[in-house]
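Participant: This structure is in structure tokens; I'll ask about it shortly.
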Amino acid sequence: MAEVAVTIVVEKLAELLVQQAAEAVSEVECPEGVREQVGKLKNELAWMQGFLKDADAKQSNERVRIWVSEIRDLAFEAEELIDTYMYKATMHTRHLDKLLRPLHMYKLARRIDRIMSKIKEVSARPEAYGVRGESREDINLTSIESLRHWRQPSPYSEEEYVIELEDDIELLLSQLLTVEPRNHVVSIVGMGGLGKTTLAKKLYNHRSVVNHFECKAWVYVSKEYRRRDVLQAILRDVDASSRDEADRLERLPEEELVNKLHSVLDEKRYMVVLDDIWGMEVWDGLKSAFPRRKMGSKILLTTRKWEVALHADASSSPHHLRTLTEDESYSLLCNKVFIPPELESLAREIVVKCEGLPLALVVIGGLLSRKHKSSVEWDQVLRNISWHLLQEQERIARILELSYNDLPSHLKSCFLYLGLFPEGLNIQTKKLLRLWVAEGFLPQEGQETPEGVAHRYLNELIGRCMIQVGAVSSLGRVKTIRIHDLLRDLSLSKGKEEYFLKIFHGNMAPSSTTSQSHSQQPTRSRRLSIHSCDDRYDFLKHGAHHSRSLLFFNREYNDIVGRIWFHWNFLQEQKLNFIYRKFKLLRVLELDGVRVVSLPSTIGDLVQLRYLGLRKTNLEGKLPPSLGNLKNLQTLDLRYCCFLKRIPNIIWKMVNLRHLLLYTPFDSPDSGHLRLDTLTNLQSLPYIDAGKWIEDGALAKMSNLRQLGIYELSGKMVNSVLSTVQGFRNLHSLTLSLQSEEDEFPMFRQLSQCIHLEKLSLIGKIRKLPDPHEFPPNLLKLTLHNSHLQKESIAKLERLPKLKMLILGKGAYNVQELSFNAEGFSQLNILRLIQLKELEEWTVEERALPRLEHMLID
């Protein structure tokens, strides 16, 4: 599977073309011939992308596997060439030795020629191996039949795992048995291995269903769907005569099959199960075969994708199949293996590791049934459970791998990236999306920002049930996501196979399940993730030249906190300089939670860096001025660096910065204020103190901001800020905090121009609230502290038409009585009243707060 590697390189070539186009009009001109060669290389690799998806399906063929490996090697060679060239070009520009640029251009052209020659040689082979671009005509039938064997899709086969999910069954039965004037689609959605087919079988064979429908059909659609096969399978189930006419049916044109099926079903109340639908086009190709007239007919779909379920019937409510509870999981495990009382505790630990996934429980149950009933052997299974779930039974890997193989190439990169995070971690969504952008996974799509594309990709992975939603914000936004351990193991397996990633666990061998001797060999992996630490730091010995990302995860566990912090400090003192000198082509450096006390000046040599995470790093004193060399930096995360007091005036040099995350007040030793007037691409500035930078017009140049928080504002400066941000059309979140109790907010009518502003937080006295129509028109969340509101202010707030969440914090309301009038706060879901010390009486009239779901009074 070289598709991921090639996709990343194609995006980098596109980036290089943009850079060269810019150079063509600058003082350092890029020769047209070189740009043309880069364009040809990009087009050639993009053309080869079309063959790789089909090639992945045929990797059981040894020659195809070798061919794919050669493509991957070429992609890596091209990536090495691009990154090295861009690194040298940036360094030479910095050091003013631009006379060397033509020499590097010449070398670049020659190396591209060599790569192009290799590509032409390799690209002549795909048809010879039966690989035909995106075509699906040459389906590997042997592979499909093997898959059918693994799935055992027949509704009448013996069920491998049966657990009574009564709530699910009752809910779906009510949908299936409800008589409606037309046929209706009922969908079951969930990740692979969750039991969608098992649940569908129980419904299909349920006595009520058997008695209700005049005829039924079950067909396994599969990813490699053929319309003719599906139509014939349905006909054989619903029409007895068709079972004896297989030859004749085979000769009929597809449209005649549709007509025949239509005529058979037309006068019957029917139920058809379409098991494992992968794409919307599958439904579009089949729906014409199902008559819509007959009262109460139903089509039951199982799919891994929300979009497929909603596309089939936009008026339906797809049923998302949940994971099993711990007790349900234990019952299922007991169905597969006898558990003696002395092993119950171990069995329950094993159940927890399976995270409610029925297929995982079945596989582990089968494994335990072949083990001796001893605590030693069962404990060994527990300690190696992730390995067993993917290695002991091929079935589970094959089923989960189906979802992965179906991903488009851009989503494969995003999915594999999740393997870098520690097992069980709740991954912050904002951080993940910024990392995806920094890695270059996201193509430019029209006017949409890379972050917008990243959000779409995240939602698509959620819709495909490849990742799980963790925490959700008060406004319903996904704050954290998780990946099921089995799918994480799949991402690790595929990621290592592709040299996409490697995980290091202190002085243990890398998690590539290889021998110690092999682990000492240089790695070609592009991304290294360090999950724990000791004084050896094996990752430093493993191919720094190839690495593009280096991520540390400091997971502090109770009794070993001191040891972990000691060793992170050891890293800072003896190894950071080595990292900055050897890992020259890094795009991502994440040091979140690492005890780094100071940054050496050599960090300025990482000129390709897009993401620098220094959150909670114990940095002291000030940052090195060389940090200003990082002109490609997109995200600089300095949150919770409590001992960092000064930033040299170098932020303005980071002209591509998109997310500046401070959350701590800083001084600049130069002018007393940070210069920020060049940050025209900035999207996130959640915490910054007011200062001269506003008066100098820097804020006015940040018109792309989506999140802004300004603190220590004087009353005089507030008007300037409000007048400026009223023109920010993309602003979604705004926090303004006054400097002293004497200052006050004026009427903020200007914010009515911020049509996308959803969250507003004001900290400080408010002279007078504007009328409801003068608030931001799409305001969803309002937070007020120290506002000193009077009674009449509530009457204005309760008429805000879209407000879903209101927080009145300390000092926000200084009146003894609070009244909510009838029909007030018509959309409010969440209300929090915090430390309103003056409040003695609260009156809520009938029909007020009709949608309130959560309330907190503290």
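Participant: Which number in (1) under 30 Å from Leu333 (Cβ atoms); (2) at pLDDT below 85; (3) not acidic (Asp, Glu) marks the one condition that Ala240 misses?
Facilitator: All conditions are met except number (1).
Participant: For the list (1) farther than 30 Å from Glu460 by Cα; (2) surrounded by fewer than 17 Cβ atoms within 10 Å (Cβ to Cβ); (3) free of Cβ contacts under 8 Å to residues at least 40 places away in the same chain, I need the number of the one condition that Lys287 fails.
Facilitator: (1)
Participant: Could you give me the residue pairs with C-beta distances under 6 Å whose first residue belongs to region 420-449 and is over 17 Å from Leu501 (Cα atoms), whose second residue is assigned to a loop (DSSP other than H, G, I, E, B) and small (Gly, Ala, Ser) wherever it lies, and which are 6+ apart or on separate chains?
Facilitator: Going by the 6 Å Cβ cut-off, the qualifying pairs are Asn426/Gly470.
Participant: Looking only at region 203-235, which residues are within 19 Å of Ile277 (Cβ to Cβ), in contact with a helix residue (DSSP H, G or I) (Cβ under 9 Å, 6 or more places away or on another chain) and free of Cβ contacts under 8 Å to residues at least 40 places away in the same chain?
Facilitator: Within region 203-235, Arg228, Gln232, Leu235 meet the criteria.
Participant: Next up: Restricting to region 440-472, give me the number of residues that are touching a Ser or Thr at 6+ places or on another chain (Cβ under 7 Å) and more than 24 Å from Met280 (Cα to Cα).
Facilitator: Number satisfying all stated conditions: 3.
Participant: Kindly indicate which of Leu231, Leu172 is under 22 Å from Ala314 (Cβ atoms), buried (at least 19 other Cβ atoms within 10 Å of the Cβ) and of a type outside the set (D, E, K, R).
Facilitator: Leu172
Participant: So, one more: Quick one: Gln521 ticks every box in (1) modelled with pLDDT under 85; (2) part of a helix (DSSP H, G or I); (3) surrounded by fewer than 20 Cβ atoms within 10 Å (Cβ to Cβ); (4) not aliphatic (A, V, I, L, M) bar one, so which box is it?
Facilitator: Every listed condition holds for Gln521 apart from (2).
Participant: Just give me the residues in region 432-470 being among the hydroxyl-bearing types (Ser, Thr, Tyr) and more than 13 Å from Phe415 (Cβ to Cβ), in sequence order.
Facilitator: Within region 432-470, Thr449 is the sole residue that qualifies.
Participant: Looking at this structure, is Lys216 among the charged types (D, E, K, R), under 24 Å from Leu359 (Cβ atoms) and at pLDDT 90 or above?
Facilitator: Spelling it out, it is not the case that Lys216 is among the charged types (D, E, K, R), under 24 Å from Leu359 (Cβ atoms) and at pLDDT 90 or above.
Participant: Among the residues of region 345-378, which ones are in a helix (DSSP H, G or I), within 32 Å of the chain's Cα centre (by Cα) and of a type in the set (A, V, I, L, M)?
Facilitator: Ile350, Val351, Val352, Leu359, Ala360, Leu361, Val362, Val363, Ile364 - these are the residues of region 345-378 that are in a helix (DSSP H, G or I), within 32 Å of the chain's Cα centre (by Cα) and of a type in the set (A, V, I, L, M).
Participant: Consider region 625-636. How many of its residues are assigned to a loop (DSSP other than H, G, I, E, B) and either among the aliphatic types (A, V, I, L, M) or surrounded by 17 or more Cβ atoms within 10 Å (Cβ to Cβ) (or both)?
Facilitator: Number of matching residues: 4.
Participant: May I ask you to list pairs of residues, at least six apart or on different chains, whose Cβ atoms are under 7 Å apart, with the first in region 494-505 being over 7 Å from Leu416 (Cβ atoms) and the second being among the acidic types (Asp, Glu)?
Facilitator: Phe504/Asp538
Participant: Can Ala812 be described as among the small types (Gly, Ala, Ser) and within 24 Å of Leu734 (Cβ to Cβ)?
Facilitator: So Ala812 passes the test.
Participant: Next question, about the same structure. Could you list all residues from region 290-342 that are surrounded by fewer than 22 Cβ atoms within 10 Å (Cβ to Cβ), farther than 19 Å from Thr178 by Cβ and small (Gly, Ala, Ser)?
Facilitator: The one that is surrounded by fewer than 22 Cβ atoms within 10 Å (Cβ to Cβ), farther than 19 Å from Thr178 by Cβ and small (Gly, Ala, Ser): Ser331.
Participant: Take the residues of region 185-211 that are in a strand (DSSP E or B) and not small (Gly, Ala, Ser): which is nearest to Lys287 (Cα to Cα)?
Facilitator: Ranking the candidates gives Val185 first.
Participant: Is there a residue being without any contact (Cβ under 8 Å) to a residue 24 or more places away in the chain, assigned to a strand (DSSP E or B) and surrounded by fewer than 16 Cβ atoms within 10 Å (Cβ to Cβ) anywhere in region 655-669?
Facilitator: Yes: one or more hits.
Participant: Among the candidates Arg182, Arg248, Arg228, which residue alone is of a type in the set (D, E, K, R), within 24 Å of Arg293 (Cα to Cα), in a helix (DSSP H, G or I) and not assigned by TED's automatic domain parsing to the domain that holds Leu361?
Facilitator: Arg228
Participant: Just a yes or no: is a residue in region 698-706 surrounded by 19 or more Cβ atoms within 10 Å (Cβ to Cβ) and closer than 21 Å to Glu774 by Cβ?
Facilitator: no
Participant: Those residues that are closer than 14 Å to Glu307 by Cα, of a type in the set (Lys, Arg) and modelled with pLDDT of 90 or more, I need them from region 455-484; list them, please.
Facilitator: Answer for region 455-484, where residues must be closer than 14 Å to Glu307 by Cα, of a type in the set (Lys, Arg) and modelled with pLDDT of 90 or more: just Arg456.
Participant: Residues being outside any loop (DSSP other than H, G, I, E, B) and closer than 26 Å to Leu359 by Cα: count how many of those fall in region 400-448.
Facilitator: Matching residues across region 400-448 total 17.
The values are calculated or read from the model by the stated rules, or taken from the named source; none is laboratory data. The shown structure was predicted, so the numbers you read here are calculated from the model rather than taken from an experiment. Positions of Cβ are generated from backbone atoms using ideal geometry, with glycine treated the same way; all protein chains shown enter the neighbour counts.
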